[in-house]
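Following: one structure in structure tokens, then a few remarks.
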Amino acid sequence: MRPFARLAPILAPALAALLLIPGLPAQTALAQGTQGPLRIEITEGVIEPLPFALPVFVAENAAAGQMAQRISETVAADLTGTGLFRRIGPEAFISRVTAFDSPIRYPDWRAINAQALIVGAVNVSASGQVTVKFRLFDVFAGQEMGEGLQLGGSESGWRRLAHKVADTVYSRITGERPYFDSRVVFVAETGPKNDRRKRLAIMDYDGENIRYLTDASSIVLAPRFSPAGDRVLYTSYESGIPRIYMMEVSTAQRRVLDDQQGIMTFAPRFSPDGQSVVYSLSTGGNTDIYVLNLSGGQPRRLTSAPSIETAPSFSPDGGRVVFESDRSGAPQLYVMPATGGEVRRISFGEGRYGTPVWSPRGDMIAFTKQNAGRFHIGVMRADGSEERLLTASFLDEGPTWAPNGRVIMFMRETAGAGGAPSLYSVDISGRNLRRVNTGGAASDPAWSPLLP
Amino acid sequence: MNEGRYSMTHLAKAALLVAALGLGACTDPARLGGGSGDGGFGGGTGALGDPSNPASIAYFNRTVGDRVLFAVDQSTLDDTARATLGEQAVWLSANPEYAVLIEGHADERGTREYNLALGARRANSVQEYLISQGVAANRLRTVSYGKERPTEICSDESCYQQNRRAVSVVTAGAPVN
């Protein structure tokens, strides 16, 4: 067995009040995996989830008992939540893992058909510093997969440690970039349908650690993360009309973006470099797309048509913008250069298309489609080809991409006087539709980048 | 279409407050429970005035008619709508101390962004028509609520048609220049 050689940098301990932990270079840590035969090819469509064993991580001191349990369960929940993995219950185990460095008895794990084995240990220091180390084993190859890693952080940040562990396992086995250590900003809703109260909220991708960023005194809509995850754009009625605001996530400090008297602005998104914002502005009843450089200057108009132009989203290289327009008579999707200019229609199927969002990988565009009385979340290639619908319901709307471009979260609203929205996620294959537990009604999710 | 079914307590209080403080038309409808488009019928006298008094806001809401309805995805005004707006213009010229906030709304069968833009179109249609009927532009402001503030909450056409609306919310105060 390979010695436990490599230690990842320790996460900064001060997490409690801040959302971002500087310190752990995720890419470095995740690039260490060697490619064993154990592999899930996501693109091929997984029918049978890969069985893994994850014995509760060893508590290396008395203080770590509960923490080891929690971290283990969260790592397992991340993996099984993808639909790609299935956890084997501990009652089936033949071997017990009592120490992190115990030799692995591969035949015992093969006998219960565990293809992957994750062994870990947790230590909680007197000062509240949590240390997690783990190893991933390819049971049938009889070898470790990648090298052991150690992560550290404060007690209050333990979920991030668990997500980082799960991210590493996911990446090593799938070859995909990770996404568990990420957040979602959304709109938390309460109250009846004709008097809904809306608050901006932020949570871990799995619905944990919900924190509210605004009170319910004004309608807020459609928050969007900056590429670094430190800022959020959203639309608020706090001035009486819809206007775009930019908020620092760590402090909840905000400022209005385009402050023209009486002018409605909405549907903002950051450029990939975080330096400018593309958005809709309505004047004289006409809605067009504008771009504003955040370092100063006047808004620049990108479209100029009597039709509605809204819901713009940059390509990841920043070169193009996909948006929604009803210039053909009904809302369809169009692409134009990020500087404006020639517009090309990309949606040609039946029905109405809206809320296009470019995938972080650049290859696909997710959208909302309305057809024959139903709403769908779908994806198409950036040129409009290979359209696929992933969901169908009374009202599915507003897709957002996981940082690795493999999963989409969206809002699903139920019909009727008691109807309410919830957040769901689905693979881009259309499988693994899941409701995200937000504790109450929720809409307009936007996924953060992978946290640092 | 003047049969609003929901109570107006929030708006009534707000209107009272505006009147009492002598403020301009600059209230925040979003903060008033969004009830600003819900009518004001059945409240009787009170902040909106005596509905039998033709100079009252209650009279405007109930008798003149404070809202017009639209077909799916449309912002054009039909004959009924133009008749209502004509009456609104007459009332506004007779009551020059009031300003109007025109709210554009959409039903729930569209995306949030598109419906915001559609509501802006609807509000603008009303604004332009009122101006064409002689109402001073500086008495009129518009806002779109998209699908955020339905008055009717069922999920079929009987409710949707009531929600595809533009509501003229009369507010006390001199014109904003």
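Laboratory data are not the source of any read-out in this text; all were calculated from the coordinates shown. Please read all numbers here as calculations on a predicted model, not as lab measurements. Please note: Cβ atoms are built from the backbone with ideal geometry, for glycine as well, and neighbour counts cover all protein chains shown.
Legend: calculated FRET efficiency, A:E73 to A:R39, from the Cβ-Cβ distance at R0 = 30 Å, rounded to 0.05, equals 0.75.
Directionally averaged projected area (segment B:83-160, Cα convex hull): 5.5 nm².
Quantify how strongly other chains surround peptide B:117-127 by giving the mean number of their Cβ atoms within 10 Å of each of its Cβ atoms. Mean shielding by partner chains, rounded to a whole number: 6. Protection proxy ranking for B:72-83, A:53-64, using the average of other Cβ atoms within 10 Å per residue and placing the highest first: A:53-64, B:72-83.
Once you divide the Cα radius of gyration of segment A:334-452 by 2.2 N^0.38 Å, the number left is 1.08. With both partners inside the protein assembly as shown, how many of the DSSP beta bridges are antiparallel, as a percent to the nearest 5? For the protein assembly as shown, the DSSP antiparallel bridge percentage is about 90. Averaged over peptide A:276-286, the number of partner chain Cβ atoms lying within 10 Å of each residue's Cβ comes to 4.
Extension gain, A:S295-A:R345: 0.36 nm per intervening residue step, less the Cα-Cα distance, totals 14.8 nm. The simple Förster model, with R0 at 51 Å and r as the Cβ-Cβ distance, assigns B:T80 and A:T80 a FRET efficiency of 0.35. In plain terms, if you count all Cα to Cα distances in the protein assembly as shown and split them into 10 Å steps from zero, the share in each step is 3, 16, 24, 22, 16, 10, 6, 3, 1, 0 percent. Restricting segment A:359-440 to GluC sites (Glu not before Pro) that sit in a DSSP loop and have at most 15 other Cβ atoms within 10 Å of their own Cβ leaves A:E386. Taking packing as the residue-averaged number of other Cβ atoms within 10 angstrom, the listed peptides A:343-352, B:108-117 run from highest to lowest as B:108-117, A:343-352.
Amide H to amide H, with H built 1.01 Å from N, A:A420 comes under 5 Å of A:T414, counting only residues 5 or more places away or on other chains.
A straight Cα-to-Cα reach below 22 Å connects A:K133 with the lysines A:K164, residues fewer than 8 places away in its own chain not being considered. Taking other residues whose beta carbon is less than 10 angstrom from the beta carbon of A:D427, and scoring Lys, Arg as +1 and Asp, Glu as -1, yields +3.
Pairs of Cα atoms nearer than 8 Å and 6+ residues apart set the relative contact order; for chain A it is 12 percent. Just so you know, the Rg over Rh for segment A:265-396 is 0.96, from Cα atoms, with Rh as the Kirkwood radius. So what's the angle, to the nearest 10 degrees on a 0 to 90 scale, between helix A:158-174 and the longest Cα principal axis of chain A? Helix A:158-174 and the main axis of chain A meet at about 90 degrees. The charge dipole of the protein assembly as shown, taken about its Cα centre with unit charges on the Cβ of Lys, Arg, Asp and Glu (plus for the first two, minus for the last two), comes to roughly 700 debye.
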